[in-house]
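These notes concern the structure reproduced below.
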Amino acid sequence: MSGKLVLALETSCDETAAAVLEGTGDLRGSVVHSQAGIHAEYGGVVPEVASRNHLANVRGVVEEVLSYSGADLADVDVFAATIGPGLASALLVGASAAKGFALASGKPFLGVNHIEGHLLSPFFGRPEVPEAIGLVVSGGHTLLVDIEGAASYRLLGRTLDDAAGEAFDKVAKLLGLGYPGGPEVEAQARSGNTARFDLPRGMKHSGDFNFSFSGLKTAVRYLLPGMSAADLADLCAGFQEAVVDVLVHKTVQAAVANRRRLIAVSGGVGLNGRLRDELVVEAGKAGMDVVFADRELCTDNAAMIAYAAAQRWRRGEVSLLGMDICPSLGTELFKNC
Ligand code: KG4
Ligand code: ZN
């Protein structure tokens, strides 16, 4: 075995996930048990339902990932889990399980910030984290971070209201599309005319690196009366274009302002094809490269939590078993609660 073995758990929202990572690069196994189908009928995640399902699933997910990895609990060197931000009752399940394993085995525990997991996911497998501007665009978060290296970050800006993914989900709901909304809106937008509706680009020229998407969502709502199914594709295309326009503009500006030549995109909205294409074009014009998290690492998973834990652990960090979950953990965070 060339590196230490991390077993990580992720239960911050509606995925029960476990991963085993050897060193920083050898993913021995990753299992994601999604509850999306269960929450779809409510049009969003119901915390109580999520935590009950995590409880029911966590043991099986751990057994499955160990069996894929050809490892057993006694081989694990450090147990990690997401401690925040996320749903309290959901976070508790993964964090308690990991602490329990650590306590029973006498091995260390490491509490990981979910946002740091996303932020580093484009570098998954690399021993070193390079300098970059990180754009995290998920269902719960939208932020721009100046990355100096592993465990060294500076928050540049964030959304002041809805996260980008949340805006996709809310607009999808308004339009009668399914949950999660991002892929549904993107699919509709493919045959739509981006220019038909001139939708607001909230805070595009605010001079800082913060975002706002709630005005855009409201603008879509005001357009709804009088619209028919025939207008759906154009509405989706116009909405998506407005989100992508602001994200791309601010991300490239952040890289220019901080003299970074690499942009690292993570989170579920990072799966959006229009965002990917536009960012590559605009970053290219400015002489910058873009790296995206692998598709299976964009949405919630435990592999990214294991990688963030491995990066911290090799710097000598461990957490106390008394470390509590931190549902509102922010970016002051990257230092942990
Ligand atoms: O990273 P993630 O699992 O969420 C959080 O950790 O919060 O990402 C889920 C989010 C959802 O809001 C979903 O609608 C969005 O990512 N998403 C997309 C696409 N695929 C997923 N948004 C836009 N376009 C997509 N193709
Ligand atoms: Zn996430």
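When we measure straight from the Cα of Lys285, which lysines land under 20 angstrom away, once same-chain ones fewer than 8 places off are left out?
Of all the lysines, those that pass the test against Lys285 - Cα under 20 Å, at least 8 places apart if same chain - are Lys204, Lys250.
Rounded to the nearest whole Å², what accessible area per residue is found for the chain with the 1.4 Å probe?
40
Of all the Cα-Cα pairs you can form in the stretch 130-292, what percent are over 28 Å apart?
Of all Cα-Cα pairs in the stretch 130-292, 18 percent lie more than 28 Å apart.
Might you report the magnitude of the Cβ-based charge dipole of the stretch 1-118 about its Cα centre, with Lys and Arg at +1 and Asp and Glu at -1, to the nearest 20 debye?
260
Local charge sum around Trp313 (other residues, Cβ-Cβ under 10 Å, Lys/Arg +1, Asp/Glu -1)?
Residues close to Trp313 contribute a combined charge of +2.
What does the charge count near Ala17 come to, summing +1 for each Lys or Arg and -1 for each Asp or Glu among other residues with Cβ under 10 Å from its Cβ?
Charge balance near Ala17 sits at -3.
Please report the antiparallel percentage of DSSP beta bridges with both residues in the stretch 130-292, rounded to the nearest 5.
Beta bridges within the stretch 130-292, antiparallel portion: roughly 55 percent.
Grab the other residues whose beta carbon is less than 14 angstrom from that of Leu224, score K and R as +1, D and E as -1, and report the net.
+2
How much of the DSSP beta bridge set in the chain is antiparallel, as a percent to the nearest 5?
The answer is about 60 percent antiparallel.
Sort 103-116, 133-146, 247-260 for me by packing, meaning the mean count of neighbouring Cβ atoms within 10 Å per residue, highest on top.
133-146, 103-116, 247-260
Considering the dipole of the chain built from charges on the beta carbon (Lys and Arg +1, Asp and Glu -1) around the Cα centre, which of Leu27, Asn113, Asn53 is farthest to its positive end?
Asn113
On the accessible surface of the stretch 1-118, probed at 1.4 Å, how many percent belong to carbon and sulfur atoms?
Carbon with sulfur: 55 percent of the solvent-accessible area.
Just how many % of Cα pairs in the chain lie over 35 Å apart, if you round to the nearest whole percent?
21
Non-local amide H neighbours of Leu27 (under 5 Å, H modeled in plane, Pro and chain starts lacking H): which ones?
Glu22
Mean Kyte-Doolittle of at least 0.0 plus a Cα span of 24 Å or more along the axis: flag which DSSP H helices in the chain meet both, please.
88-105, 232-257
Using the Cα centre as the reference, give the magnitude of the dipole from point charges on the C-beta atoms of the chain (Lys, Arg: +1; Asp, Glu: -1; all else neutral), rounded to the nearest 20 debye.
For this selection, approximately 560 debye.
Using a 1.4 Å probe on the protein chains only, how many percent of the accessible area of the stretch 130-292 belongs to carbon and sulfur?
49
The values are calculated or read from the model by the stated rules, or taken from the named source; none is laboratory data. It should be emphasised that the depicted structure is a prediction, and the values quoted were computed from it without experimental measurement. Don't worry about glycine lacking a Cβ; one is built from the backbone with ideal geometry, like all the others, and counts go over all protein chains shown. Note: accessible area is taken over every heavy atom of the protein model, side chains too, but ligands, DNA and RNA are not part of it. Shrake-Rupley method; radii C 1.70, N 1.55, O 1.52, S 1.80 Å.
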